[in-house]
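Enquirer: Provided herewith is a single structure, encoded as structure tokens, for subsequent inquiry.
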Amino acid sequence: MNMQQLMKQAQKMQEQLHKQMEATVVEATAGGGMVSVKMNGNKQLLSIQVDSEVFAGGDKEMLQDLIVAAVNEGVRKIEETMNSQMGNLTGGLKIPGLF
């Protein structure tokens, strides 16, 4: 395989991964489900759901901590999902700096 063909194949794989990232949505929770977030494959926050129980306590700091924890878990899940999808696209071959 010549270099030009290899680059075309790499570009095609990158385009496929980009489409998968756009279509991927993960949900993550914190505090036993008291805070739930949805994120897309581009690590953009799509929604936040907060259980009304959280407001009953009036603990602002706890709510902030739960939101941070849920968002961080969402980012971790996105990265895990993307790594898995990239591995599927490349047949497990890792090409540093390509994606």
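Values quoted throughout were computed directly from the atomic coordinates according to the rules given, and no laboratory measurement underlies them. This one's a predicted model, so the numbers in the text were calculated from it and none came from an experiment. Using ideal geometry, Cβ is built from the backbone for each residue, glycine included, and neighbour counts are taken over all protein chains shown.
Enquirer: Given 5 Å bins starting at zero, what is the percent of C-alpha pairs of the stretch 20-83 in each, up to the one with the largest pair distance?
Expert: Once binned at 5 Å, the Cα pair distances of the stretch 20-83 give 4, 21, 29, 19, 13, 8, 4, 1.
Enquirer: Whole-Hz ³J(HN,Hα) for each residue in the stretch 52-57, computed from phi via Karplus 6.51 cos²θ - 1.76 cosθ + 1.60 with θ = phi - 60°, x for glycine and proline: what do you get?
Expert: Couplings: 4, 4, 4, 6, 4, x Hz.
Enquirer: Counting helices only, and only those DSSP H runs with n ≥ 4, report the 222 nm mean residue ellipticity of the chain as the sum of -39,500 (n - 2.57) divided by its residues, in deg cm²/dmol to the nearest 500.
Expert: -20000 deg cm²/dmol
Enquirer: Dipole of the chain, Cα-centred, from +1 at each Lys and Arg C-beta and -1 at each Asp and Glu C-beta, to the nearest 20 debye?
Expert: Once rounded to the nearest 20, the dipole reads 700 debye.
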